[in-house]
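Notes to accompany the following structure.
The values are calculated or read from the model by the stated rules, or taken from the named source; none is laboratory data. Since the model is a prediction, treat every value here as computed from it, not as a measurement. Cβ: placed from backbone, ideal geometry, glycine included. Neighbour counts: every protein chain shown. Ligands, DNA and RNA are excluded from the accessible area calculation, which covers all protein heavy atoms including side chains. Shrake-Rupley method; radii C 1.70, N 1.55, O 1.52, S 1.80 Å.
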Amino acid sequence: MSEVLVVVDHVDGAVRKPTLELLALAKRIGEPAAVFFGSPDKGAEVASKLGQFGAEKVYVVDDAQIKGYLVAPKAEALQQLVEKTSPAAVLFVSGYEGKEVAGRLAIKLGAGIITDAVDVEAGPEGPVTTQSVFAGNYTVKAKVTHGTPLITVKPNSTSPEESGAAGTVEEFAATISDGAKKAQIVAQQPRKSSGRPELTEAAIVVSGGRGTGGNFEPVEGLADALGAAVGASRAAVDSGWMPHTFQVGQTGKTVSPQLYVANGISGAIQHRAGMQTSKTIVAVNKDEEAPIFELVDFGVVGDLHSVLPAATEQITAR
Ligand code: FAD
């Protein structure tokens, strides 16, 4: 069985949950092997964590030549690793960086790429992916027909699976050309933490729209009671009530949580595009004819300013 490379998404060695989900998908199509861009002294720690979730091997690419640069050196290192190991596929987390590295790698390898998959299965001629396309109106099964399949997968597409083994570490020395170092990061400012989970990774998302009238307190209150991330419709963002980083939809973020709670959101197609693969959808809307109700598993017809505080109180009391 061939290896399936999983590119590790981490912050200073702290592996983020979507990478563990990729390992579960990788196991379906081959032998999971993670690729960690970071310092070798963090490699063993990361390998032990990733091993618990199915990584049989962890390639550590020393970041000395990569740190401080944008994505080009990573694409170059991955090209060399793919050429050396001939994996069955390379999986990335669907985010800004994952998609950019995957796109660059596809060009370098002349290989096919599939982005924003929500599932990956083994097929007779290689991995078969599921995508939700055209603003979520169609579900498409797709496979790469040329070269190593490069697949970016949305967070929350599956659950991590613990396997209990420890991954072995192998250092991979990549040769990075000067051409890949033409753009450099000159400063990095960590975003102030809200204490809430990251929107695209959260298991629960509570969103608000124009129906909040600009008062997001009930939305944030429910989110905090549920340990959820807060999202917003474009109407709420365009009104200046929430920053663009909170926007869910076609021109915002795509989320696929276990539970999505839409409050005062009508359910426009562009909003649906960002949330309709959520496992369970709940809406609170005072208009019983609102299109969002076509999509929901549970709907509450009512004013969010009274429904949400009541729900929050019940949840907090448990
Ligand atoms: P509205 O459509 O105005 O709906 C407000 C809802 O709140 C109504 O259903 C109303 O009944 C309900 N309501 C009002 N008061 C209350 C209350 N007190 N309690 C409960 N319910 C109440 N939109 C996105 O969200 N994300 C995108 O990424 C996005 N991208 C777009 C890209 C393009 C190219 C275009 C053209 C549009 C895009 N839009 C996007 C905008 C989209 O078409 C809608 O305009 C937007 O989603 C509407 O936001 P809303 O549901 O909050 O507001």
Run the simple label-point estimate for R318 and I107 please: 7 Å along Cα→C-beta, distance reported in nm. 4.9
Over the chain, with the other protein chains present, what is the accessible area per residue in square angstrom, probe 1.4 angstrom? 48
How large is the helix-only mean residue ellipticity at 222 nm for the chain, computed as the sum of -39500 (n - 2.57) over DSSP H runs with n ≥ 4, divided by its residue count, in deg cm²/dmol to the nearest 500? -8500 deg cm²/dmol
For a quick check, take a GNM of the chain with Cα springs below 10 Å and name the residue from T168, T139, T254 with the largest mean-square fluctuation. T139
Full-extension gain in nm, D178 to A122, via 0.36 nm per residue minus C-alpha separation: 16.3 nm
For a protection proxy built on the mean count of beta-carbon atoms within 10 angstrom, sort 67-77, 236-246 highest first, please. 67-77, 236-246
Expressed as a whole-number percentage, the relative contact order of the range 46-133 with C-alpha contacts under 8 angstrom and at least six residues apart is 18
Ranked by how many other beta carbons lie within 10 Å on average, peptides 223-231, 34-42, 17-25, 170-178 from highest: 17-25, 223-231, 34-42, 170-178
F134 to V301: FRET efficiency via 1/(1 + (r/R0)^6), r the Cβ-Cβ distance, R0 30 Å, to the nearest 0.05? 0.55
Computed ³J(HN,Hα) along the range 53-60: with the Karplus parameters 6.51/-1.76/1.60, θ = phi - 60°, integer Hz and x for glycine or proline, the list is 10, x, 6, 7, 9, 10, 7, 9
On a 21 Å Cα-Cα criterion, which of the cross-link pairs K27/K154; K42/K253; K74/K99 come out too long? K42/K253
Determine the dipole magnitude for the chain: charges of +1 sit on the beta-carbon of Lys and Arg, -1 on that of Asp and Glu, nothing else is charged, the reference point is the Cα centre, and the result goes in debye to the nearest 20. 500
What FRET efficiency comes out for the pair Q270/K141, r = Cβ-Cβ distance, R0 = 25 Å, nearest 0.05? 0.55
Those GluC sites (Glu not before Pro) from the range 239-303 that are DSSP loop and have at most 11 other Cβ neighbours within 10 Å turn out to be E288, E289
Simple label model, 7 Å out from Cα along Cβ direction - E45 to R28, nm: 3.2
Could you give the nm distance between label points at E170 and E83, where each point is 7 Å from its Cα heading toward the beta carbon? 1.7
Percent antiparallel among DSSP beta bridges confined to the range 33-189, rounded to 5, stands at 40
Using a Gaussian network for the chain with springs between C-alpha atoms less than 10 Å apart, which of these wobbles most: N263, N215, N285? N215
Roughly how many percent of the accessible protein surface of the chain is carbon and sulfur, given a 1.4 Å probe and a whole-percent answer? 50
